[in-house]
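Asks: Here it is: the structure, laid out below.
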Amino acid sequence: MDVYGLVGNPVGHSLSAPMHEAAYDAQDIDAVYLTFEPEPSSLDLAISGAEALGIAGLNVTVPFKESVIEYVEPDDQAAALGAVNTIDFSTRGEARGYNTDVDGVSRALASRGVSLSDADAVVLGAGGAGRAAAWALAEAGASVTVVNRTVSRAETVAALVDGRATGLDDLGDVVRNSTVLVHTTTVGMESDRSLVPPEALHANLTVLDAVYRPLQTRLLRDAKAAGATTIDGARMLLYQGAAAFEHWTGTTAPVEAMDRAVRTQLDDAHG
Ligand code: ATR
């Protein structure tokens, strides 16, 4: 039996276990997906121990995505982003690191037929998710504007993709002139709020919200009301997981089964 898992601290409400186990069921793969919560000071031991024990692959989440890069061989994309969220141990002696958050954004948009080449895209937020989103959009040929409360953080992310950076005061104008918006801040998780002025949203816009709890955020409801195309955070999570599955198994991920598992969990949690 193959053992996969998620390393984070805390990993409490992760959807990755049910999502990956649904994929193993769908493809008759004899595997389990567990969660691990090492102390931050023990990350190096956790990674080398996992490899020594023959664990097949790990996802990595907060607070380890940046620090784990020291203990793996990142591919070019993960190295450029400075963050790894997927480790493949299948080549003995070489823990390979990937960043599938980028795939989550690009495949979620592609799955809705959103065209990114020469598009004007805006990334709202400049944390790890914002960085991955900016990379995904730029890689697909969009010109990217990063908007963030703390402008210096937006500038750091924009520099990575040759994009522009600005603060929240300009958000309305930037959104009005864009065809794609990816929201990556935490606003909308705990409270029914959105940073985007509703009047800036328009029918020529696709809005991807990285927030998946709740699924129907204020931003997505406002976007729908404005006639925009909307993509929820569960879809981004799904394609991030699908890309990890594909690195680990070398086979195409059963995305429908994985999607059902994620949405069942989210429905259970929120009625
Ligand atoms: P992650 O790595 O998961 O993307 P993060 O690094 O904590 O998370 O980033 C959170 C993002 O949400 C940041 O862009 C943050 O803005 P700052 O860089 O200015 O802190 C943004 N954010 C969080 N709370 C916010 C709020 N109340 N208003 C605007 N932006 C907020």
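The values are calculated or read from the model by the stated rules, or taken from the named source; none is laboratory data. All of these numbers come straight from a predicted model, not from anything done at the bench. Cβ coordinates were reconstructed from backbone atoms using ideal geometry, including for glycine residues, and neighbour counts include every protein chain displayed.
Asks: More than 16 Å from the chain's Cα centre (by Cα) and among the β-branched types (Val, Ile, Thr): is that true of Val196 in this structure?
Replies: Considered against the rule, which asks whether it is more than 16 Å from the chain's Cα centre (by Cα) and among the β-branched types (Val, Ile, Thr), Val196 comes out as yes.
Asks: Looking only at the range 140-178, count how many residues are more than 11 Å from the ligand (Cβ to nearest atom) and in contact (Cβ under 8 Å) with a residue 12 or more places away in the chain.
Replies: 22
Asks: Could I ask something else about it? Exactly one of (1) out of contact with any strand residue (DSSP E or B) (no Cβ under 6 Å at 6 or more places or on another chain); (2) under 21 Å from Met258 (Cβ atoms); (3) in a loop (DSSP other than H, G, I, E, B) is unmet by Ala129. Its number?
Replies: It fails just one condition, (3).
Asks: On the given criteria, is Thr230 touching a strand residue (DSSP E or B) at 6+ places or on another chain (Cβ under 8 Å) and at pLDDT 95 or above?
Replies: It is true that Thr230 is touching a strand residue (DSSP E or B) at 6+ places or on another chain (Cβ under 8 Å) and at pLDDT 95 or above.
Asks: Additional query: Suppose we filter Val207, Val196 for residues that are more than 15 Å from the ligand (Cβ to nearest atom), modelled with pLDDT of 95 or more and within 25 Å of Val102 (Cβ to Cβ); which single one remains?
Replies: It is Val207.
Asks: What about Leu181, is it surrounded by 22 or more Cβ atoms within 10 Å (Cβ to Cβ), more than 9 Å from the ligand (Cβ to nearest atom), over 21 Å from Ala80 (Cα atoms) and among the aliphatic types (A, V, I, L, M)?
Replies: yes
Asks: Still on this structure, please answer the following. Out of (1) within 14 Å of Ala121 (Cα to Cα); (2) surrounded by fewer than 19 Cβ atoms within 10 Å (Cβ to Cβ), the odd one out for Thr206 is which?
Replies: (2)
Asks: Also: For Val102, only one of the following conditions fails: (1) surrounded by fewer than 19 Cβ atoms within 10 Å (Cβ to Cβ); (2) under 12 Å from the mean Cα position of the chain (by Cα). What is its number?
Replies: (1)
Asks: I need a count of the residues in the range 89-107 that are part of a helix (DSSP H, G or I), touching a Gly at 6+ places or on another chain (Cβ under 9 Å) and small (Gly, Ala, Ser).
Replies: 1
Asks: Could you identify the single residue in Glu246, Glu256 that is surrounded by fewer than 22 Cβ atoms within 10 Å (Cβ to Cβ), closer than 14 Å to His20 by Cβ, under 20 Å from the mean Cα position of the chain (by Cα) and of a type in the set (Asp, Glu)?
Replies: Just a single option satisfies the conditions, and that option is Glu246.
Asks: For the range 108-126, which positions are in a loop (DSSP other than H, G, I, E, B) and surrounded by fewer than 24 Cβ atoms within 10 Å (Cβ to Cβ)?
Replies: Within the range 108-126, Arg112, Gly113, Val114, Ser115, Leu116, Ser117, Asp118, Ala119 qualify.
Asks: When only residues in the range 146-161 that are surrounded by fewer than 24 Cβ atoms within 10 Å (Cβ to Cβ) and outside any helix (DSSP H, G or I) count, which is nearest to the chain's Cα centre (by Cα)?
Replies: Step by step, filter the range 146-161, then rank; the result is Val161.
Asks: How many residues are under 16 Å from Gly233 (Cα atoms) and away from the ligand (no atom under 13 Å from the Cβ) when one looks only at the range 115-134?
Replies: 0
Asks: Can you tell me which of (1) crowded, with 23+ Cβ neighbours inside 10 Å; (2) more than 18 Å from Leu237 (Cα to Cα); (3) of a type outside the set (Lys, Arg); (4) in contact (Cβ under 8 Å) with a residue 24 or more places away in the chain is the one Leu137 doesn't meet?
Replies: All conditions pass for Leu137, except number (2).
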